[in-house]
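For reference, the structure discussed in these notes is given below.
The values are calculated or read from the model by the stated rules, or taken from the named source; none is laboratory data. Source: prediction; values computed, not measured. Glycine also receives a Cβ, built like all others from the backbone with ideal geometry; neighbour counts cover every protein chain displayed.
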Amino acid sequence: MKIISALLLLAATFLSGCERQEPQKPVERITVQLKWVHQAQFAGCYIAEKNGFYQSENIDTTLNAGGADISADIIIADLIGGKSHFAIIGGDEFLNAIYMDTPIVAIAVIFQRNPYGYASLKGSKIYRPRDLIGKKIMVPNDGRIQHDALLLKSGIAETDIEQIPYKRDITPLLTGSIDVHMVYRTGLPLAFEEKGVELNFIWMDDYGIQFYADTIVTTEQLVQQNPKLVENFLKATLKGWRYAIEHPTEAVDATLKYDTALSRYRQMQMMNIQISLIHTGKSPIGWMEMAVWKRMQDTLEREYALLNEYKKADIKKACIMKFLKKIYDISE
């Protein structure tokens with residue numbers, strides 16, 4: 001009996017040794033450049049890293065913070081130069097790049113609604129674009145395209161308002177040095193609210209200026225040479241965002257690991273406010289509508305028509321839907 005058992009064990013060992021072993025694929029190491037500093041704005045990426053969603057796709061991901069000294073032009077140049085593989089930039093910044101024949105493509109949009117708007121103090125009686133006439137306004141550089149588009153659409157000349165050099169500070173509005181501050185809803189307004197200051201907001205898309213915000217981009221070259229990597233990265237990132245929205249407290253925990261100096265309260269407020277900007281209920285997270293891109297394109301072309309600065313860009317070529325459709329199992 002012992003001899004039979006030994007023979008059976010030997011046979012099993014021999015057969016298992018003869019089984020074809022699948023070679024382990026090397027881990028794909030990538031770098032993602034964020035458009036701003038580490039904060040809950042990018043919580044989906046942090047969760048994808050923390051919960052192993054990237055690792056499950058055989059990807060080792062480095063998330064690089066942006067900042068005031070890292071412009072969209074720098075981010076895009078680093079992407080083209082191979083310093084990063086993916087980046088997050090504004091939708092208008094993406095369109096501006098492809099107008100200049102920059103070989104990048106959009107593969108998903110995280111912020112379906114743009115967080116930019118005009119903030120004024122509650123008692124200022126500033127409720128609509130026409131109320132901006134004669135007022136002192138601060139406009140950040142990365143909000144200028146939308147600001148100019150709103151003025152053009154509302155028939156307001158630049159000379160009708162007084163633009164004050166921009167400061168990322170709540171003091172000018174509180175002290176009356178300015179009447180209106182163009183703000184990112186998940187940014188500076190949180191500082192006002194923490195002080196109990198009530199604000200009025202004028203939102204761009206309420207007046208037909210619908211611009212996608214945080215957009216995931218990569219290079220045409222990477223899409224052509226390694227489409228599976230693009231698909232896997234996007235799949236893990238969108239899974240991270242779905243998880244973050246369903247578990248906002250965990251999303252903030254993951255965010256704080258990237259910067260322990262952040263205020264948990266502020267990050268929680270940011271997370272709660274941005275959920276409705278990311279997940280509108282109209283489409284899957286990350287989805288892109290060609291109609292929205294086309295309206296953005298038309299807005300830019302109207303705005304810069306007299307400058308002859310831009311030529312017609314091929315939106316359908318630059319905004320690639322195949323990865324989103326495959327991830328969400330949506331047929332052509």
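Worth pointing out:
- Residue match in region 110-121 (condition: without any contact (Cβ under 8 Å) to a residue 40 or more places away in the chain and closer than 28 Å to residue 279 by Cα): no
- Qualifying residue in region 169-183 (condition: out of contact with any strand residue (DSSP E or B) (no Cβ under 8 Å at 6 or more places or on another chain) and either under 30 Å from residue 284 (Cβ atoms) or of a type in the set (Gly, Ala, Ser) (or both)): yes
- Criterion applied to 87, 68, 157, 72 was being more than 26 Å from the chain's Cα centre (by Cα) and over 17 Å from residue 296 (Cα atoms), and the one residue passing it is 157.
- In region 111-190, counting only strands (runs of 3 or more DSSP E) that sit wholly within it, the ones holding 1 or more residues that are acidic (Asp, Glu) span 162-164.
- For region 244-283, a residue qualifies if it is under 16 Å from residue 193 (Cβ atoms) and buried (at least 18 other Cβ atoms within 10 Å of the Cβ), and the qualifying residues are 266, 267, 269, 270, 271, 274.
- Scan of region 98-114 for residues that are modelled with pLDDT under 95 and either surrounded by fewer than 20 Cβ atoms within 10 Å (Cβ to Cβ) or within 26 Å of residue 29 (Cα to Cα) (or both), ordered by number: 99, 100, 101, 102, 113
- The set of residues from region 71-91 being buried (at least 16 other Cβ atoms within 10 Å of the Cβ) and among the charged types (D, E, K, R) comprises just one member, 78.
- No other residue among 240, 208, 187 is at positive phi and either modelled with pLDDT under 95 or within 18 Å of the chain's Cα centre (by Cα) (or both) apart from 208.
- Residue match in region 55-67 (condition: more than 30 Å from residue 173 (Cα to Cα), touching a helix residue (DSSP H, G or I) at 6+ places or on another chain (Cβ under 6 Å) and either exposed (fewer than 15 other Cβ atoms within 10 Å of the Cβ) or among the charged types (D, E, K, R) (or both)): yes
Here is a yes/no grid of residues against (1) within 22 Å of residue 41 (Cα to Cα); (2) crowded, with 23+ Cβ neighbours inside 10 Å:
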| site | (1), (2) |
| --- | --- |
| 187 | yes, no |
| 194 | yes, no |
| 210 | yes, no |
| 213 | yes, yes |
| 225 | no, no |
